[in-house]
Amino acid sequence: MGQVVFAGMKTLTPGMNELTALTPVGNYGVQASWKDGHDTGIYSFEMLRGVFEKKRLSQETLSAIDAQISSAENRSS
């Protein structure tokens, strides 16, 4: 299912971590379906919020990304 095990180690194959669908599970969370066919596990909204909060980009970083995009657009026009 997208994973090749070699000497006890999993290797990534292209596309295996691409999300294809999110299915609601009651009012609790979502079940993810992945391109490689696996769909086990339920991700609670509480857990997803925690990940979002820890990984959220700062306003400074978002502004720097916007500036880089604008600069690239100006160079290509």
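The values are calculated or read from the model by the stated rules, or taken from the named source; none is laboratory data. Quick caveat: nothing in here was measured; it's all calculated off a predicted structure. Methodologically, a virtual Cβ is constructed for each residue, glycine included, from the backbone with ideal geometry; neighbour enumeration extends over all protein chains shown.
Among the conditions (1) at pLDDT below 90; (2) out of contact with any Leu (no Cβ under 9 Å at 6 or more places or on another chain), the only one that P24 does not satisfy is (1). Applying the criterion of being of a type in the set (A, V, I, L, M, F, W, C) and surrounded by fewer than 11 Cβ atoms within 10 Å (Cβ to Cβ) to the residues of the stretch 52-64, the residue that is farthest from the chain's Cα centre (by Cα) is L57.
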